[in-house]
Amino acid sequence: MSFNRRRGPKPEVLGSADSGHYKPAPLPPFPKVPLTSRRLMDVRIGEMLSWLALQRFSMKTIPELGQRAWTQYYNKYINVRKGGIGGIAMILASYCVFSYTWNYHHIRQDRWRKYH
């Protein structure tokens, strides 16, 4: 361990004392997964046509794919489990804008009236 007056002891895992730069350990290589067992989101764009050719589509699997896609879409965009103040604030702000535009004609006439 080397020592720096301002920062204190410097561990050796950050690299050699000469460079002073952080040298992370190399990442392990990703396992090679055959193209037939990959899911759609794991397939690269260049491999898309060969992945589609290897899939076994039948009259039974096509509706299942549609059902699975609809379920994923529904859970991601419609059936949102997270909630907060953002949605309520957006509804309240849209209500204020809508009611102001709806009653703008009456508000404009009231503004120019004299009450004395």
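Quick check on my filter: what residues within region 76-90 are modelled with pLDDT of 85 or more and under 25 Å from Leu40 (Cβ atoms)?
Of all residues in region 76-90, those modelled with pLDDT of 85 or more come to 89-90.
Correct list: empty.
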Query raised in the report: Which of the residues belonging to region 73-90 are surrounded by 10 or more Cβ atoms within 10 Å (Cβ to Cβ) and more than 15 Å from the chain's Cα centre (by Cα)?
Result: Tyr74, Gly87, Ile88, Ala89, Met90
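The values are calculated or read from the model by the stated rules, or taken from the named source; none is laboratory data. Note that the structure is a prediction, hence the values are computed from the model and not measured. Quick reminder, even Gly has a Cβ in these numbers, built from the backbone with ideal geometry, and neighbours come from all protein chains shown.
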